[in-house]
Amino acid sequence: NFPRTKEHHLPLQIGEMVHILQASEGKGDPRLWLLQGIFPASLIRLKGAVHGQGRWAPSSENTPMVQEITTTLREWATIWKQLYVAGQTERYGQVKQMMQELMEQRSQLLSGTLPKDQLLRLRKEVTGKMDYGNKILALDLVVRDEDENILDPDRTSVISLFQAHRRAAQTLTQRIQEETSPQQTAPGHGTHGAASPSHNLYLCVRNFVCHIGEEAQLFMALYDPGEQRIISENYVIRWASTGVPQDIELLNNLKVVFTDLGSTDLKRERLFLVCQIIRVGRMDLRDSHSRKLSTGLRRPFGISVMDITDITKGTCDSDEDKQHFIPVHLVATDGDFLHNMIRKVVEGKDINHKGQGLWVSLKMLWGDLSQVRKDHPHLVDRSTAVARKLGYPEVIMPGDVRNDIYLTLLQGEFDKGNKKTQKNVEVTVCVCDEAGNVMQNVIHAGAGDSPTSHYRSVVYYQQRHQRWMETLKVWIAVPIEDVHRTHLRFTFRHRSSSDSKDRSERIFSMAFVRLMRPDGTTLRDGEHDLVLYKGDSKKLEDASSYLSLPSERNLSEPKLLSGSSFRVSGATPGLTVSTRDSFQISTLVCSTKLTQNVNLLGLLKWRSKPSLLCGNLQKLMNVDGGEVIKFLQDTLDALFSIMMEHSETDVYDTLVFDALVFIVTLVADRKFQHFNTVLEAYIRQHFSATLAYKKLLAVLTQYVEQAGRGEACESLPRTFKALEYIFKFIVRSRRLFSQLYEGKEVAEFQRSLQRFFLALNQLMQSPLEGPTLLSQVGCGVVLGGLTPLPQSHYVACMAAILSQMDKDHYSTYIQAFPSRPELMDFLMETFILFKDLIGKTVYPGDWMVMNMVQNREFLRAINHFASTLTEMFLSNSDFELQLWNNYFHLAVAFLTQESLQLENFSPAKRNSILAKYGDMRATIGASIRDMWYSLGQRKIEFIPGMVGPILEMTLVPELELRKSTIPIFFDMMLCEHRLTGSFSRFEDEILRRLDSEVEGGRGDEQYMQLFKSILLSCCQSHSELAKPGEDFVRLVSELLERLLDYRAVMNDENKTYSMSCTVNLLNFYKEIDRQAMYIRYLYKLKDLHISYENYTEGAYTLLLHARLLTWSEESNAAPVPGPHSLQVHTQRQLKEALYNQIIEYFDQGKMWEEAIHICKELAEQYESHMFDYEMLSDILQREARFYEKILKVLRPSPDYFAVGYYGQGFPTFLRNKVFIYRGKEYERREDFEMQLLCPFPNAEKLKSTSPPGQDITDSPGQYIQCFTVQPAEEAKIRLKGRSIPEQITNFYKANHIQRFSYSRPFKRGPNDPDNEFANMWIERTTFRTAYPLPGILRWFVVTSTETIIISPLENAIETMMKTNEKIMSEINRHQNDPSLPINPLSMLLNGIVDPAVMGGFAKYEKAFFQEPYMQEHPEDAGNIEKLKDLIAWQIPLLAEGIRIHGQKVTEDLRPFHERMEQCFEQLRAKVESQYGVREMMFFEDRRSGRPRSIAWVPDWDRLSYAGARQVLHWGVLVIPSHPAQSSLLSWTVLSPEPSPLVPQTSPGELCCRWCLAECSQ
């Protein structure tokens, strides 16, 4: 690194890129700016640079690939971090590994040290990895050419681009499927395998260890146990007796590729690699060398077998470096035929291998042989043997000329004749001409072995029934026309172990078979039972003596049961047929020149019999497709030769054309789909008919014209299906003609094409009934093609046509329409088609290039058609409203489509699109604006219809587009205002559409500011629109602000703030009288509440809608969302349905009092208006159940919390505001706070309950304050003065509350450590909410606050009152429910009466009843008396509590109770002596079924506190444990002489001021 030690130095780190501005000797120039500076030149290595996209970038040989890797890594890095945050560990690890591999491979590319083959392989691997990563990360698909370079859409046709996308997508999809199903394919197997129909197995023999003692031959091949046959050529290794290959140069280089394997071969249930080991030497290894033995005998020694199914199917990885051991299973007896041993080993039967075997490496390779050599030059080189499959590969490429016959020696049966033992038969095979001469070096025992003239079979010792199963290849080296003169000859000798005897053995039998049948076709495939001839050995080898004889047995002839031989009629003297001996072979012809089909042969050799040419061309249609495909190149060559050699006549043109269509249709068949590439290759490389285009076009045009005239043309549907390749032949032929004749006859060719397309147009316009072009081939005329094509292919073809059209083309095309209505229909349908294609997104979202190319061509077309609109459909007489309307809707749909919204893309993708295509939204936006302003007086016809589309366009987040299009709104306002005097239609529509657009994700703060500033500026420039325009802009701005707030939180997991924003919106719509929108958001709010089980709030929300309705038969004015929309039609029906739903919600929310009110209203309607007594009965029963629930169901009161949101970091609807929240049942403040903080993870919780200062409210952060508040509402008057169950009163204490208080204690004055009550002051803040709770929300904003200070004496009075109320509450609870536990009552009473824990009275007396305090605070005299009276009234309450405690106390707690009684008596004596006596009298009233309750709240203005004996009538309602004994007790202590200070009042009057409810009293 180079650190910055001086001011003008440029600090550098290793690896950074530096742009050199100037080089100088000595000291550098320090006058530099930003990150410029000087540094030592020795620190850097200079590289070349290229200038592009406005900046310099380094260049290198691999710049495109390296730059792509760099861009990809940067893009992945962003997503990689997001995966980590999202917790997607598996995908995160996968991307991390791929990124590391890409960085390593990037370094290798930059090193420049890789050889060419490795560099190519590395590029393929890199692009595969990037494409795969892009796919799994949902990035765009990258399309490439064969050299892995990214395709340039400007240099590639649209169709080629589409096909490249499709191929790339298929490859990636298959790879991903394989990744998710690892048990089916090995890594990398499917991607290569899907791309190529050819597969190869690479085999390398590392070593062969076997104690033979003689030379050996190893025949290695692939074996299918299901068919019990070898399926490939043999790979032959000749092993010396010294334990090394005979050819020492092959040491460590024994390699073979088993090629031509197709997909069907890989799908075989099982596949084995087998090796047959044949020793070459003596008859028996045990023979001694004492006598001279015959040598050179091929004798069976053993086999090796390995199951390679997992390797070929890819379920296990294959690696050329991994070695597999294959044990050798030795021949045990002379009767062990090698083929039988293979079958036994495959079936798993035990055969002793004695530790001997082969070491081999295996690897699957994909592609044809040339591709394999190119991709794997280190494995497959010129020295690597190639073993082909027995039979044709799935695809026969042009130029792949084969002329082979595979011959398998199956079996034979030979009589021992005059010998004592069975013969040791050896079969010798050779190929002879008709003169009997042996053709040299045409027999191949296998790959890797030199060709020979004779092949000698394995010798099995003394076996009557021989089973060789040996396969060899016969290469037909003679010219095709001489094949009929050749034949295979098989001679049979007995081999003796003694050399002398062996030399004397002669041929004892012979068989032969011709390679060609009399009709000119090749020897048929399959088994052949050959005739064995006996006779003189010289005669047996004399071709003239046997070629005229039959070579195969006729199965219909009965076998001769007696006699060993018979003479064949017409045979040469000395040759007889042996009936006791038999010999079978099988043959398989693999030739691209020799056919086994007579009809095809007639076509291929058409010159030999020209008179039969017409018949042969017609018979071609009857030839089996597989046979034609084998000879595809020869067949096509023959067809075009016929066409070229008869160029002066058209006699054969139609037949040749139909034959060509037949062949192309064959290739289209799924069975032969891999031959598409063969046909393409033939057209590119082998097709040479320069005049074919004339004849093909002529026949094609003839067919189309014939169909256009209504004449029958059966060939037309097939022709159109083959149209793609017909035109490829035409184009290739014309190009060859142009090259040969230097571009002559261009005009003639153009006229031919024009004639064809005119005929095609005529056909499509034909009014004839019956099958036409469209019904027959489904628009195939546009595309041609070989298979049914998806919609995307049609669109690609249309885009390709559009890309070829320039301005003149469009102009000529428009002018070609004969009438204006036809042109209008065309434009109308085109606009609808384009809009449909844009809306349906024909291509997948990751086909970015294809989508952009289509958009580019559509944009050009739309702009050309826009010019046509203004020129031909704008004037008053020619104006077409619907056509213009369709144009505007199409243009807006184009502008707002997802693929053009650049702000949603990554920076790399955005820059790439801008550099290649520009921002097409700006172009189409300018066109829309210009087209709008060109309408003139016609604009009013598009209001309000075009308000929505224009709004949608202006909401696109592109600054310049917004600036240029928002003024269109003012133009609309002005247009409507001039006509009607207002712009109400425009206003209604924009308010309606704005709601749905912003909710759908469009619009932002910038748009709101631009809308406001631009429209205000426009309105102020017109005096008549200044005031209404300003009001309109303010209205829209307020709506936008609320909508943006709503959208910001609508998708949050916590729906609390969504509810707030919803309420803001519905209130706004209520203010501006938009009832439909108001109701829409009411139901959104209701759904939110119900989803969170806020049933009470949901009921209140629905109630708002119900209150808008009347009990009438009027129809509903506004649409009703939800389940009631279809069943109800009148307001009465809807209101009734809503009320029932509201009652259900109130019931679920335990708000039975509110449900009762609704029931009463419904009951009134049923009884007095609808006279529906059945429904009345039902509603009254529901009402009765609600009354019962009020008294019997436990209903805890909710807590209320004050929450303040401080700081500028909160959204506007929360910022620096305080809310009162209604908690849920049993909700703790800690849990509530946790929910509050979830949406704001960065918020800081304030610990203080005091209002924060300006430093907090103005800060950019987020601060939340939360504390519990108490309801502070006055009680209802109608409940005063009555003995009412607390189940009833508690409801009104906690509901319908709009004022809440919070008390904060603080100390003032001198501190008294012995008495904290003396200076304990209370700061009480009362909050008033906008609406009572509960309501349509669980919280409401605080609209006002009030703070008061409570003195220590007033605090003491409140404390005493609360204590008395608590005692009274406990007494009531125990009287109502005798089964309650006694512990809470025990603790409460003991805490008051026991001097050990008491202290309240004494503290108060010491603080407030002393003379000094009373003299200092004379104004507190009244409050002091109140406190004394409260202390005095506590005594009778305690007495009643202790009485109840004494009744319920257990014997274990009896001492505790007695102690408490003693303490109480002392306390009573003291209090009554100082503050007077307070007593209660009892009376009984039987009333069953009522809970017992006490209400105690004295009127301090009417009571005496001078220690006189006071009387309080106290009503206590009792429910004893036995209902029969129910009674009402009233404690009454009568004063004989009431104090003159207190007027006599009723008990009701005493309670009125302190009751908790209001009423009409």
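The values are calculated or read from the model by the stated rules, or taken from the named source; none is laboratory data. The shown structure was predicted, so the numbers you read here are calculated from the model rather than taken from an experiment. For neighbour counting, all protein chains shown are included, and Cβ atoms are generated from backbone atoms with ideal geometry for every residue, glycine included. Note: areas computed on protein heavy atoms with side chains; ligands, DNA, RNA excluded. Shrake-Rupley method; radii C 1.70, N 1.55, O 1.52, S 1.80 Å.
Of the numbered conditions (1) open to solvent by less than 10 Å² (accessible area, probe 1.4 Å); (2) modelled with pLDDT under 85; (3) not aliphatic (A, V, I, L, M), Gly412 fails exactly one; give the number of that condition.
That leaves (2) as the condition not met.
May I ask you to verify whether Ser304 is in contact with a helix residue (DSSP H, G or I) (Cβ under 8 Å, 6 or more places away or on another chain) and not basic (Lys, Arg)?
no
Here are Leu114, Leu109: which of them is in contact with a Ser or Thr (Cβ under 9 Å, 6 or more places away or on another chain) and either modelled with pLDDT under 80 or at negative phi (or both)?
Answer to the selection: Leu109.
So which residues in the range 1406-1451 are among the aliphatic types (A, V, I, L, M) and either within 60 Å of the chain's Cα centre (by Cα) or farther than 16 Å from Met1360 by Cα (or both), if there are any at all?
Across the range 1406-1451, the qualifying residues are Met1414, Ala1421, Ala1439, Ile1442, Ile1444, Val1449.
Filter the range 446-459 down to residues that are within 58 Å of the chain's Cα centre (by Cα) and buried (at least 21 other Cβ atoms within 10 Å of the Cβ) and give me whichever is farthest from Ala221 (Cα to Cα).
The residue in question is Gly448.
Restricting attention to the range 416-445, which residues are acidic (Asp, Glu), open to solvent by 40 Å² or more (accessible area, probe 1.4 Å) and closer than 25 Å to Arg238 by Cα?
none
Conditions (1) in contact with a strand residue (DSSP E or B) (Cβ under 9 Å, 6 or more places away or on another chain); (2) open to solvent by 70 Å² or more (accessible area, probe 1.4 Å); (3) under 28 Å from Val372 (Cα atoms), marked per residue:
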residue: Lys81; (1), (2), (3): no, yes, no
residue: Glu101; (1), (2), (3): no, no, yes
residue: Glu104; (1), (2), (3): no, yes, yes
residue: Gln108; (1), (2), (3): no, no, yes
residue: Ser111; (1), (2), (3): no, no, yes
residue: Leu114; (1), (2), (3): no, no, yes
residue: Gln118; (1), (2), (3): no, yes, yes
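Can Ile476 be described as out of contact with any Phe, Trp or Tyr (no Cβ under 7 Å at 6 or more places or on another chain) and of a type in the set (Val, Ile, Thr)?
yes
Any idea which of (1) open to solvent by 40 Å² or more (accessible area, probe 1.4 Å); (2) under 23 Å from Val795 (Cβ atoms) is the one Lys124 doesn't satisfy?
Evaluating Lys124 over (1) open to solvent by 40 Å² or more (accessible area, probe 1.4 Å); (2) under 23 Å from Val795 (Cβ atoms) leaves (2) as the failure.
Could you tell me whether any residue of the range 1036-1045 is open to solvent by 30 Å² or more (accessible area, probe 1.4 Å), hydroxyl-bearing (Ser, Thr, Tyr) and modelled with pLDDT of 90 or more?
No - not one qualifying residue is present in the range 1036-1045.
From the list Thr701, Thr649, Thr654, exactly one residue is among the polar types (S, T, N, Q) and open to solvent by less than 10 Å² (accessible area, probe 1.4 Å). Which is it?
The match here is Thr701.
Can you pull out every residue in the range 415-432 that is under 18 Å from Arg467 (Cβ atoms), part of a loop (DSSP other than H, G, I, E, B) and touching a residue at least 60 places away in the same chain (Cβ under 8 Å)?
Passing the criteria: Asp415, Lys423, Asn424.
Condition test on Gly1001, is it touching a residue at least 40 places away in the same chain (Cβ under 8 Å), assigned to a loop (DSSP other than H, G, I, E, B) and within 23 Å of Thr954 (Cα to Cα)?
yes
Among the residues of the range 967-981, is any open to solvent by 30 Å² or more (accessible area, probe 1.4 Å) and either touching a Pro at 6+ places or on another chain (Cβ under 7 Å) or of a type in the set (Gly, Ala, Ser) (or both)?
Checking the range 967-981: at least one residue is open to solvent by 30 Å² or more (accessible area, probe 1.4 Å) and either touching a Pro at 6+ places or on another chain (Cβ under 7 Å) or of a type in the set (Gly, Ala, Ser) (or both).
Out of the range 910-961, which residues are crowded, with 18+ Cβ neighbours inside 10 Å and of a type in the set (Lys, Arg)?
Residues satisfying the conditions are Arg921, Arg929, Lys939.
Going through Ser551, Ser509, Ser537, Ser545 one at a time, which residue ends up being within 21 Å of Thr579 (Cα to Cα) and in contact with a Gly (Cβ under 8 Å, 6 or more places away or on another chain)?
Selected residue: Ser545, the only one of Ser551, Ser509, Ser537, Ser545 that is within 21 Å of Thr579 (Cα to Cα) and in contact with a Gly (Cβ under 8 Å, 6 or more places away or on another chain).
Tell me, yes or no, whether the range 1354-1363 has at least one residue that is in contact with a His (Cβ under 7 Å, 6 or more places away or on another chain), modelled with pLDDT of 85 or more and surrounded by 14 or more Cβ atoms within 10 Å (Cβ to Cβ).
Within the range 1354-1363 (the criterion being in contact with a His (Cβ under 7 Å, 6 or more places away or on another chain), modelled with pLDDT of 85 or more and surrounded by 14 or more Cβ atoms within 10 Å (Cβ to Cβ)), the answer is no, since none of the residues qualifies.
Taking the stated definitions as given, is Glu871 within 28 Å of the chain's Cα centre (by Cα), open to solvent by 10 Å² or more (accessible area, probe 1.4 Å) and either charged (D, E, K, R) or under 22 Å from Asp971 (Cα atoms) (or both)?
Here the answer is no, as Glu871 does not meet what is asked.
Given (1) open to solvent by 20 Å² or more (accessible area, probe 1.4 Å); (2) modelled with pLDDT of 70 or more; (3) over 25 Å from Val360 (Cβ atoms); (4) not hydrophobic (A, V, I, L, M, F, W, C), identify the lone condition not met by His165.
(1)
Test Lys593 against the stated conditions and say whether it is within 24 Å of Ala477 (Cα to Cα), among the basic types (Lys, Arg) and either touching a Phe, Trp or Tyr at 6+ places or on another chain (Cβ under 6 Å) or at pLDDT below 85 (or both).
So Lys593 passes the test.
I need the full set of residues from the range 1196-1247 which are loosely packed, with under 15 Cβ neighbours inside 10 Å, of a type in the set (Ser, Thr, Tyr) and under 20 Å from Ser1060 (Cα atoms), in order please.
Thr1212
Does Leu10 count as among the hydrophobic types (A, V, I, L, M, F, W, C), farther than 30 Å from Leu914 by Cα and modelled with pLDDT of 75 or more?
Taking the combined requirement at face value, the residue satisfies it.
When Asn1051 is evaluated against the numbered criteria (1) without any contact (Cβ under 8 Å) to a residue 40 or more places away in the chain; (2) farther than 25 Å from Leu1108 by Cβ; (3) surrounded by 19 or more Cβ atoms within 10 Å (Cβ to Cβ), which criterion, by number, is the only one it fails?
All conditions are met except number (3).
Any residue that is among the small types (Gly, Ala, Ser), part of a helix (DSSP H, G or I) and modelled with pLDDT under 90 - is there at least one of those in the range 1443-1455?
No: zero hits.
Which one of the conditions (1) touching a helix residue (DSSP H, G or I) at 6+ places or on another chain (Cβ under 8 Å); (2) closer than 22 Å to Ser591 by Cα; (3) of a type in the set (Gly, Ala, Ser) does Gly526 fail to meet, given that it meets all the rest?
Every condition holds for Gly526 apart from (1).
Of the conditions (1) buried (at least 20 other Cβ atoms within 10 Å of the Cβ); (2) within 30 Å of Ile990 (Cβ to Cβ); (3) not small (Gly, Ala, Ser), Glu1071 clears all except one; give me its number.
Of everything listed in (1) buried (at least 20 other Cβ atoms within 10 Å of the Cβ); (2) within 30 Å of Ile990 (Cβ to Cβ); (3) not small (Gly, Ala, Ser), Glu1071 misses just condition (1).
From the residues in the range 471-485 that are in a strand (DSSP E or B) and open to solvent by 20 Å² or more (accessible area, probe 1.4 Å), which one is modelled with the lowest pLDDT?
In this case the residue turns out to be Trp475.
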